[in-house]
Structures are given as C-alpha cells and as structure tokens.
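Undergrad: Submitted below is the structure of interest, expressed as structure tokens.
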Amino acid sequence: MKSLLCVINKKAANGSVLARLPQLEALFKEFNLKTQILDLTEAGFEDALVDCFESFKPSVILGVGGDGTQHSLVNTLEKFRTLGHKIPAYAICPFGTGNDVAKSIGLRPGKRHLKKIIAAAVEGKACDFDVGYVNEEIERHFVDMTSFGLDVQILKRRDTYTRKIMNTPFRFIHGYIIYFFAVLMGLKNSHWNCRILLDGKEWYDGKFACIMVNNCRIHAGEFDLTPNALFDDGLLDICLMKSRPAFMWRYIKGWRHMPAFIRERKNPLNAQAKEIKIISSELMPLQIDGELYPSLKSSTLTVISEPMKMMRPQ
C-alpha cells in the first residue's frame, strides 16, 4: 500500500478546496492509498510536516492548490532538504486559476480530471524537475517563473480587484476575466531600465516593459512565451519585452492555442542560461510563481544543482 501525504491550501480557489476534499478522499480509497492530510495555512504546519516525514514516511507528497500553493510548499520542502531530510516525489493536484506547472507536465485541471490527476501521482512517472532560485535579498525557490515590470503591475491590480469583489455577488467571476481587466488598466504603467547578464556575458542594456524568466513553458495558464523552455534541462528561459506594444503582441502570438509556426517563431529577445543577472538603477516590481515580493534593483536567478522528483502522467 502506497503512502500519500496530501497537503492542501484551504484558501486556494477562493476556499473551494475544502468542498472538493470528500471527492479526493474517495479517490484515495479507490487507489488503496494510505493517506495523511495537512493544511499548509495552519499554525505549526512545518512541525507537523517533520513529524509526518519521520512517522508516516510518505512515498509521494500531493500539493493541492494553485501555483501559489506549489510555490509555498516547494520552498518549505527545499528548506527541509537542505537540513538533511529525504524528500519524497512531489505531485500536483491543480485547483488554481493558471495552473502553469500542472499544464506544463501534461495535467489537465478540473473536477472531471481528478481521477487522472491522482493516477499520475501514484502510478505516473517520476521525472527530474528543475528548481529555480532567486538569491540576494529574496532567497526564494521557484518551479514556474519569475517576472519583473509590467506583468507584476498587472498581477497587483488583479489581486486588488479580486479582494474588492470577494464579499460581493461578483465574487464568482472567473479569474481570467479579472485578469483581462487588470491587463487593460495595467498597460498605463511606464518602463524600467536594466542590464542583463547571461552566464556572465552582457546580453541586453536598455529599457524594458517586462522581463519573464521561465522554468516551465506555460505562463498565466494560457500563454507559451518561451517555447524552448524545458523543466528538466538545467536552464532558465528569459523573454524580454521592450515596450507595451511588444508586451501585447508577445502575448497575442504566444497564446498556447495559436498555430505553432506563429507561436514558436524565433525571437531575438528570448534566450536560455544557467544564471541570469538583472541590474537596474531603479526598483523593479517582482513576482515569483504568481506571488508578489518587494521590488528590487538587482537580482540573480539560477537553477539549483539538485532537481526535485515530480510525478507526471505516463
């Protein structure tokens, strides 16, 4: 009997994760799994996680929530790994809005796909999955992406709009609609200046509207802005957009349902590197895996030496 540790974020998907928990528990029984459930939002979560590693000894950890949930949980697991704990294979149950990581490994979100999601967690293939690292002032790991500039301003607006409608009849509006209005309003923002070094060599010096650094291929649930991105190649993929029109055009042609000959057309402002250093004379808005962080004047992004094990569909 396989042992599975299910880590939920009861605040994910506007709190709807708890409503889906009975369906998950029924599937755990169907797959004959020995399970334990923890909530990462509760006080004492890290202590409970250590106790679980030592007594329950899970063979798989299932992170239930959106990209923000995966970000929080992976950072906790990486912290424990540096302390000498053996970390089991990681699996994703996508209950968020974008679900970038899940889509990048071939999982489809939604209630009707839950059985396939659990099957991937316990019967799928364990593959290497790169983990990015933002050092200097932030010191955070990421599995999806990091961005600077306009994309972050849009995310801030989206979060503001979401909070404003939380206790109104409009709270059931789909996250993509809120994001669309945030894009329209966010385009009013200005540019930033920066220098970018890739593996120690200067690659760019000038103005930018947005910088994306991707570990996974899919961004914001629907966009393929770095078509060469692979989660197991030991590299980060950067996409730079100099202006607001370039930002809009990159998103239009990067829609993941756009024909491949348009979406994957070579772009001189896309590149790959093991280390990406971004230096600016002004504060640059920053987000990591969809979570907002304090603005920075410089940042170095790398891939850590030891990848995590991620369960994906066979």
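Undergrad: If a residue must be touching a residue at least 24 places away in the same chain (Cβ under 8 Å) and over 18 Å from residue 93 (Cα atoms), how many such residues does the range 46-67 contain?
TA: 7
Undergrad: Further, regarding this structure: Look through the range 17-45, keep the residues that are in contact (Cβ under 8 Å) with a residue 40 or more places away in the chain and of a type in the set (A, V, I, L, M), and return whichever of them is surrounded by the fewest Cβ atoms within 10 Å (Cβ to Cβ).
TA: 27
Undergrad: If a residue must be out of contact with any strand residue (DSSP E or B) (no Cβ under 9 Å at 6 or more places or on another chain) and modelled with pLDDT of 95 or more, how many such residues does the range 260-290 contain?
TA: Matching residues across the range 260-290 total 0.
Undergrad: Which ones in the range 132-161 are surrounded by 23 or more Cβ atoms within 10 Å (Cβ to Cβ), modelled with pLDDT of 90 or more and of a type in the set (Val, Ile, Thr)?
TA: Result: 143, 146.
Undergrad: To continue, here is another question. Only residues that are buried (at least 16 other Cβ atoms within 10 Å of the Cβ), of a type in the set (A, V, I, L, M, F, W, C) and not in a helix (DSSP H, G or I): list them for the range 57-86, please.
TA: The answer is 60, 61, 62, 64.
Undergrad: Let me ask something else about it. Only one residue in 238, 252 is in a helix (DSSP H, G or I) and not polar (S, T, N, Q). Which one?
TA: Checking each option against the conditions leaves just 252.
Undergrad: If you don't mind, there's one more thing I want to ask. Of 298, 243, 305, which residue is exposed (fewer than 15 other Cβ atoms within 10 Å of the Cβ), closer than 27 Å to residue 121 by Cα and of a type in the set (Ser, Thr, Tyr)?
TA: Within the list 298, 243, 305, the selection yields 305.
Undergrad: Name every residue in the range 100-113 that is closer than 22 Å to residue 219 by Cα and either polar (S, T, N, Q) or not in a loop (DSSP other than H, G, I, E, B) (or both), in order of residue number.
TA: 100, 101, 102, 103, 104, 111, 113
Undergrad: Let me ask another. Which ones in the range 255-282 are exposed (fewer than 15 other Cβ atoms within 10 Å of the Cβ), over 21 Å from the mean Cα position of the chain (by Cα) and either more than 19 Å from residue 216 (Cα to Cα) or charged (D, E, K, R) (or both)?
TA: Residues satisfying the conditions are 259, 261, 262, 264, 265, 266, 268, 281, 282.
Undergrad: Does residue 293 count as at pLDDT 85 or above, crowded, with 18+ Cβ neighbours inside 10 Å, aromatic (Phe, Trp, Tyr) and in the same structural domain as residue 226 (by TED's automatic domain parsing)?
TA: Spelling it out, it is not the case that residue 293 is at pLDDT 85 or above, crowded, with 18+ Cβ neighbours inside 10 Å, aromatic (Phe, Trp, Tyr) and in the same structural domain as residue 226 (by TED's automatic domain parsing).
Undergrad: Quick test of your reading of the structure: residue 233 fulfils all but one of (1) part of a helix (DSSP H, G or I); (2) surrounded by fewer than 16 Cβ atoms within 10 Å (Cβ to Cβ). Name the failing condition by number.
TA: Unmet for residue 233, out of (1) part of a helix (DSSP H, G or I); (2) surrounded by fewer than 16 Cβ atoms within 10 Å (Cβ to Cβ): (1).
Undergrad: Next question, about the same structure. Taking the stated definitions as given, is residue 243 in contact with a His (Cβ under 8 Å, 6 or more places away or on another chain) and farther than 30 Å from residue 81 by Cβ?
TA: In short, yes.
Undergrad: Look through the range 196-218, keep the residues that are of a type in the set (A, V, I, L, M) and part of a loop (DSSP other than H, G, I, E, B), and return whichever of them is farthest from residue 264 (Cα to Cα).
TA: 209
The values are calculated or read from the model by the stated rules, or taken from the named source; none is laboratory data. Computed from a prediction, not measured in an experiment: that's the story for all the values here. When we count neighbours, we look across all protein chains shown, and the Cβ atoms used for this are built from the backbone with ideal geometry, even at glycine.
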